[in-house]
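Asks: Have a look at this one before I ask anything.
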């Protein structure tokens, strides 16, 4: 693919071979996977360090991270609308529209950062009013007020990363995530415990370290976006056209809001499941939290393949090559299913050994092994739904993922989980089985939706 901005003749709609498409998606997905795992690793390092301070501090940071992500995920999902707009414009050789979509996303980021940061900080304060342990609630609020100093840069980073993903250039976020992990380990240790000449700030130090790394990642990716020669056609047009076309910001919101809602509905469903599991005892909730961490880690493979698939589908759609778009979508879905199936085999065969890396409590392990058996069963469904959502995003269809998550998780999985857990006495395993049903429902709906769409016209940008 040329990156010099020169006009090019339309490509014939002859899809690549399956091997060539598989290689292209894998090449794009691997850097995304490394960057996503890198972001998870930062949270893991913070957890390990803070755990040395005590149980209350550990609980506060874990709760604070959950609150931060739950509030931010809708805006992060909204900014993903930049990806299909950029991918389709790049495929159509309309580079000025790539820059315009990106700048529209930046405008949304600047407008939303302060409200999101305030809501996050106030959520920590609100914990003290809803019956949470006073010490944990106070520490969570302390952590969140430090953490929200990174709200603006992490949202700007997502906007810049969405531009790069749409262009099919996924290496920069990977490099920055790796570097940020080293910086985070240094800052977190120093600011939590007062080493390296830094003040000892406890949980607030953990939040400040992560916020500082958010600034580092955004400054790095924005320099890459603005200075990398391969994207100068996008930059030059963006610099020369400071005024956005009327209606473009609205288009990004219309496309992106369902994406944010889809993320929020899925995260919210698992959060609601956690509240139900708490009713089944300490061992159940401990096993649930560890299993969620494990499932979230393997899910990053599906996220990476979904992002790469969305870029390939979007570029082919912009170039008006429906056969190539279909080939990219189905190859991506197959790759996501295969990668997640491999994770399922690990959970199935070595589930107990994996769980013992996190705890030696026999009661927790006993429940956890059962949960990983359920996780093994839904790995393929989880992979298929994530990649199918990415393929639909590349086509510009962002509403169906939100609808599928609403119906499958909230109308089916959660009521079913309560029934299986309480009425049939299956406890946490019942809730996880129901969530597996929900994920399978989402996968089925989105796959059928992608199959039904054919020769979709590119998104009409103003």
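The values are calculated or read from the model by the stated rules, or taken from the named source; none is laboratory data. The model shown is predicted, which means the values in this text are computed figures rather than measured ones. Cβ atoms come from the backbone with ideal geometry, glycine included; neighbour counts cover every protein chain shown.
Asks: Take the residues in the range 235-252 that are closer than 19 Å to residue 458 by Cα and touching a helix residue (DSSP H, G or I) at 6+ places or on another chain (Cβ under 7 Å), then tell me which one is modelled with the lowest pLDDT.
Replies: Here the residue is 245.
Asks: Does residue 295 fit the bill of being surrounded by 21 or more Cβ atoms within 10 Å (Cβ to Cβ) and farther than 25 Å from residue 45 by Cα?
Replies: So residue 295 fails the test.
Asks: Examine the range 75-92 for a residue that is more than 20 Å from the chain's Cα centre (by Cα), crowded, with 18+ Cβ neighbours inside 10 Å, over 14 Å from residue 163 (Cα atoms) and not assigned by TED's automatic domain parsing to the domain that holds residue 322, and state whether such a residue exists.
Replies: Among the residues of the range 75-92, at least one is more than 20 Å from the chain's Cα centre (by Cα), crowded, with 18+ Cβ neighbours inside 10 Å, over 14 Å from residue 163 (Cα atoms) and not assigned by TED's automatic domain parsing to the domain that holds residue 322, which makes the answer yes.
Asks: Filter the range 105-151 down to residues that are touching a residue at least 60 places away in the same chain (Cβ under 8 Å) and over 19 Å from residue 63 (Cα atoms), then give me how many there are.
Replies: 3
Asks: So which of 260, 230, 197 is in a helix (DSSP H, G or I), at pLDDT 85 or above and either in contact with a helix residue (DSSP H, G or I) (Cβ under 8 Å, 6 or more places away or on another chain) or more than 21 Å from residue 70 (Cα to Cα) (or both)?
Replies: 260
Asks: Looking for whichever is farther than 27 Å from residue 165 by Cα and touching a helix residue (DSSP H, G or I) at 6+ places or on another chain (Cβ under 7 Å) here; the options are 302, 287, 325. Which one fits?
Replies: 287
Asks: Quick one: which residue in 354, 369, 346 is outside the structural domain of residue 161 (by TED's automatic domain parsing), at pLDDT below 95, surrounded by fewer than 20 Cβ atoms within 10 Å (Cβ to Cβ) and under 22 Å from residue 29 (Cα atoms)?
Replies: 346
Asks: For the range 372-379, indicate whether the set of residues that are in the same structural domain as residue 294 (by TED's automatic domain parsing), assigned to a helix (DSSP H, G or I), closer than 30 Å to residue 169 by Cβ and touching a residue at least 24 places away in the same chain (Cβ under 8 Å) is non-empty.
Replies: Within the range 372-379 (the criterion being in the same structural domain as residue 294 (by TED's automatic domain parsing), assigned to a helix (DSSP H, G or I), closer than 30 Å to residue 169 by Cβ and touching a residue at least 24 places away in the same chain (Cβ under 8 Å)), the answer is yes, since at least one residue qualifies.
Asks: Specify which of the listed residues (377, 328) is out of contact with any strand residue (DSSP E or B) (no Cβ under 9 Å at 6 or more places or on another chain), buried (at least 16 other Cβ atoms within 10 Å of the Cβ) and closer than 19 Å to residue 307 by Cα.
Replies: After applying the criteria, what remains is 328.
Asks: Quick test of your reading of the structure: residue 244 fulfils all but one of (1) outside any helix (DSSP H, G or I); (2) within 22 Å of residue 368 (Cβ to Cβ). Name the failing condition by number.
Replies: All conditions are met except number (2).
Asks: For residues in the range 27-47 being surrounded by fewer than 21 Cβ atoms within 10 Å (Cβ to Cβ) and modelled with pLDDT of 90 or more, which is farthest from residue 175 (Cα to Cα)?
Replies: It comes out as 27.
Asks: Determine if the range 317-325 includes at least one residue that is farther than 20 Å from residue 17 by Cβ, in contact (Cβ under 8 Å) with a residue 12 or more places away in the chain and buried (at least 24 other Cβ atoms within 10 Å of the Cβ).
Replies: yes
Asks: Of all residues in the range 255-287, count the ones that are touching a residue at least 60 places away in the same chain (Cβ under 8 Å) and either under 28 Å from residue 112 (Cβ atoms) or under 20 Å from the mean Cα position of the chain (by Cα) (or both).
Replies: Matching residues across the range 255-287 total 19.
Asks: Quick check on this structure: which one of 415, 401, 457, 462 is touching a helix residue (DSSP H, G or I) at 6+ places or on another chain (Cβ under 6 Å) and surrounded by fewer than 17 Cβ atoms within 10 Å (Cβ to Cβ)?
Replies: 462 is the lone residue from the list that is touching a helix residue (DSSP H, G or I) at 6+ places or on another chain (Cβ under 6 Å) and surrounded by fewer than 17 Cβ atoms within 10 Å (Cβ to Cβ).
Asks: Does the range 116-133 contain any residue that is closer than 30 Å to residue 395 by Cβ, surrounded by fewer than 24 Cβ atoms within 10 Å (Cβ to Cβ) and modelled with pLDDT of 95 or more?
Replies: yes
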